[in-house]
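Read-outs: derived from the displayed coordinates by stated rules, not from any lab. This structure is a prediction, so every number in the text was calculated from the model and none was measured. Here the Cβ positions follow ideal geometry from the backbone for every residue, glycine too, while neighbour counts run over all protein chains shown.
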């Protein structure tokens, strides 16, 4: 049993988190979820070790639920009907790593291209995999500079091209257009290429934006990674990666003692998060995700208009849930947990309310030299 002091430590942490989530506007994380129905499964050592599409001698898992999650995301990403594979990851970084891993196995001497607004983990991933890369300029919106991309590829057109496309950059939620990128590859007669779609935050709602961003398999992607704990919401970080099955079959090996192939990055994998995502997509469905998006878009629009009325030069990209504003003071950044680089932003993830926006604006107006 815990001591009185240790119980007090736990209680203090709970109150701190309970209070902190009320001022949580800088990260793309939903806070409105409720998975009480699933708490009973935390008594089991759930592990989806190995390939989710193969049974294992380790039977305390949820791989049948994981397969349904993969099927759902493959459907909304227009993956080839008889040629897709995927699994539930630990988050977007692992999904991106898997996409780059496949690309490297297909094109051993390829060069990876990504914009300067790309998430920091991509640079880490290419270094882990020992892949060559070229960083491309970004437009002011955060979207990749297609002219710079074209010229960089032209100078190395004898080398396979691997693209890390951003479908929602970290600070400005800009989206690279995969159809434009495919057009560049066609114009330059590039014979060997691979495009991975980093759709961490946007991937769950991008299929329902009108007009739909060019980001999925129908637009020319070879793989798509999305985070599950961001727009959907989860108490544990997680994600999904969807790839073409024929490419995934090039990697992995059979492991006798687990009774299936080892085809994922981590081997042992969380068996609880597939259950969380399954529950979310079953209770929300496509229509629920659309409503979730529209509710957030309404509040994002409200945030920009309200800030502008109070003299705060806030803006957002078309159909974005990220509101960009000038770099805020340290006190406001820390109080509201605002991600900050050369600019600051708030992200209208599910759970954010107009009341929170109004209270933040009061703090900002208190010192317009934000």
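With a 10 Å radius around each residue's Cβ, average the other Cβ atoms per peptide and rank 216-226, 337-347, highest first.
Values: 216-226: 24.5, 337-347: 18.4.
Highest mean packing first, the order is 216-226, 337-347.
What are the equivalent ellipsoid semi-axes of the range 1-102, built from the alpha-carbon gyration tensor (square roots of five times its eigenvalues), in whole angstrom, biggest first? Spell out each step's value before the answer.
Values: eigenvalues 233, 87, 35 Å².
The three semi-axes for the range 1-102 are 34, 21, 13 Å.
Quick one: in the range 231-368, what % of C-alpha pairs are over 23 Å apart?
For the range 231-368, the fraction of Cα-Cα distances above 23 Å is 53 percent.
Distances over 23 Å make up what percent of all Cα-Cα pairs in the range 147-274? Walk me through the numbers before you get to the answer.
Values: 3583 of 8128 pairs.
Tail fraction, whole percent: 44.
May I ask you to derive the relative contact order of the range 39-281, considering only C-alpha pairs under 8 Å and at least 6 residues apart, and to give it as an integer percent?
Numbers: 500 pairs, mean separation 74.2, N = 243.
Reported relative contact order: 31 percent.
Provide, in order from the shortest bin, the percent of all Cα-Cα pairs of the range 180-228 in each 10 Å bin, continuing until the bin that contains the maximum pair distance.
Reading the bins upward from 0: 25, 49, 22, 4.
Output the peptides 91-101, 151-161 sorted from most to least packed, where packing is the average of other Cβ atoms within 10 Å over each peptide's residues.
Values: 91-101: 25.1, 151-161: 15.5.
Packing order, densest peptide first, comes out as 91-101, 151-161.
May I ask what percent, to the nearest 5, of DSSP beta bridges between residues of the range 39-281 are antiparallel? Intermediate results must be reported in sequence, preceding the final value.
Numbers: 17 of 34 bridges.
Antiparallel: roughly 50 percent of the beta bridges in the range 39-281.
Pick the calculated Kirkwood radius over Cα pairs in Å for this structure from [x] 21.7; [y] 19.9; [z] 21.1?
Comparing each candidate, only [x] matches the computed number.
By average Cβ neighbour count within 10 Å, what is the ranking of 236-249, 108-121 from highest down?
On the way: 236-249: 21.5, 108-121: 18.9.
Ranked from most to least packed, the peptides come out as 236-249, 108-121.
Based on other C-beta atoms within 10 Å, arrange 202, 260 from fewest to most.
Values: 202 29, 260 20.
With the sparsest Cβ surroundings first, the list reads 260, 202.
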